[in-house]
1. Tally up the residues in segment 233-256 that are within 16 Å of the ligand (Cβ to nearest atom) and crowded, with 23+ Cβ neighbours inside 10 Å, please.
2. Name the single residue that is least open to solvent (accessible area, probe 1.4 Å) among those in segment 59-76 being of a type in the set (D, E, K, R) and not in a helix (DSSP H, G or I).
3. Being within 16 Å of the ligand (Cβ to nearest atom), aliphatic (A, V, I, L, M) and at pLDDT 90 or above is the filter; apply it to segment 1-58 and report the residue that is surrounded by the most Cβ atoms within 10 Å (Cβ to Cβ).
4. So which residues in segment 98-132 are under 17 Å from the mean Cα position of the chain (by Cα) and either farther than 30 Å from residue 64 by Cβ or among the small types (Gly, Ala, Ser) (or both), if there are any at all?
5. Could you list all residues from segment 185-203 that are buried (at least 20 other Cβ atoms within 10 Å of the Cβ) and more than 12 Å from the ligand (Cβ to nearest atom)?
6. Is at least one residue of segment 57-72 among the basic types (Lys, Arg) and touching a strand residue (DSSP E or B) at 6+ places or on another chain (Cβ under 9 Å)?
7. List, please: which pairs have Cβ atoms under 6 Å, are six or more places apart or on different chains, and start with a residue in segment 76-92 that is in contact (Cβ under 8 Å) with a residue 24 or more places away in the chain and within 14 Å of residue 227 (Cα to Cα) and end with one that is assigned to a loop (DSSP other than H, G, I, E, B) and more than 8 Å from the ligand (Cβ to nearest atom)?
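The values are calculated or read from the model by the stated rules, or taken from the named source; none is laboratory data. Predicted model only: the values in this text are computed from it and were never measured. Quick reminder, even Gly has a Cβ in these numbers, built from the backbone with ideal geometry, and neighbours come from all protein chains shown. Calculation scope for accessible area: heavy atoms of the full protein, side chains included, ligands and nucleic acids excluded. Shrake-Rupley method; radii C 1.70, N 1.55, O 1.52, S 1.80 Å.
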Amino acid sequence: MKKVITQLKPYVPEKTLSELKAEKHLSKLVRLSANENPYGTSPDVKKAVIDWAYNQSNRYPDSDATQLRALISEKFSLDPQQLVFSVGLDEMIVMLSRVFLEPGDEEMISTPTFSEYALHAEIEEAVIKKIPILKSGQIDFAKMLASITQKTKLIWICNPNNPTGTVESVADIERFVAQVPKETMVLVDEAYIDFADGNSASAMKLTKKYPNIVVMRTFSKAYGLANFRVGYAVFSKEIAEEVQKTRLPYNVNSVAQVAAVAAFKDQAFVQDVVDKNRQQRQLLQQYFDENDIFHYPSQANFIFFKYPQADDLAEYLLKNGYLIRTGLAQDWLRITVGTDEDNQNIVSLFDRYRKIKKIIIIKSLSWYKK
Ligand SMILES: *Cc1c(COP(=O)(O)O)cnc(C)c1O
């Protein structure tokens, strides 16, 4: 076994809701810890999946995901050969780490960010360079540029960033990529881009101009298909061809392809989800502002906020039926933006907790300064 595996801290996935409900003796539990879509998925998905089921289970899936490939490349004006599909965006992170990293190479990340980039770099025995975000929550591009060496093979840009929810403009990303050496790949994870305001936020079109940029998307978040495991990346054609060599031939099964096709065709559903999320996100951020709860300006479907004794607040919410994300940074929590009802409940639970604990957040306290 590779030595690095024995030293690895495993990714701890979410417990099932039924498991947690039993453990905490709860009758109701809403998960606001995994950035899932609280509005479900397009009703068209159900129909497509049922129509497909039992029909062709004995046959291998379409290795090229032909229909899905055609739909996506048409919508984003791409060459179909620029796309590589994966079992969720998770698998794309694995593939890219495997393709580009040799032992001793460097991977650069902006911290805090999604933990899987570093996990898979570690498995490839690469060195991880962490560049902390600026006070505003934005990526420190200048520091990144200054830290690139000949060994830097991958640079991850999570946009909007998980967990901060902050967004970088395409102009800033382009200015950065233009200065990065051609041998260094810039990987833009757009898992939450649908939730960002403005349609021009995506870096997708840069893939035609710069061979060293990769843009990734998933069906797990705005499309509400987390259980189906469909993600993809957009490369220059030449790089896509190389990455395809490492993909398991039948990675995305047919049910997942059928579901993703139906979900992608129903853009009205996605737009509705995005609109509702924007409205609820605004309300929650407004509540945080009014109550002096520090948070980054989010353009995603979650908010990262600072709170004294954060784990205690999370435990209180859990006892009252709401699971939110702990353990990302000390005194910080991440909450997925839920439905209108969830939000109202969350706000009253915050109010109640604050009264019980007599919490006063004073901005001038040294604790509160980042
Ligand atoms: C959720 C998430 C993913 C993984 O999504 P899947 O497609 O479900 O594997 C990738 N990147 C970020 C930043 C995420 O938050």
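1. Of the residues in segment 233-256, 4 are within 16 Å of the ligand (Cβ to nearest atom) and crowded, with 23+ Cβ neighbours inside 10 Å.
2. 62
3. Only one residue fits best here, namely 45.
4. Passing the criteria: 109, 110, 111, 112, 113, 115, 118.
5. 185, 186, 194, 196, 201, 202, 203
6. yes
7. Matching pairs, first to second residue: 87/251.
Matching residues to (1) over 14 Å from the mean Cα position of the chain (by Cα); (2) away from the ligand (no atom under 13 Å from the Cβ); (3) open to solvent by 10 Å² or more (accessible area, probe 1.4 Å):
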| site | (1), (2), (3) |
| --- | --- |
| 145 | yes, yes, yes |
| 171 | yes, yes, yes |
| 176 | yes, yes, no |
| 205 | yes, yes, yes |
| 217 | no, no, yes |
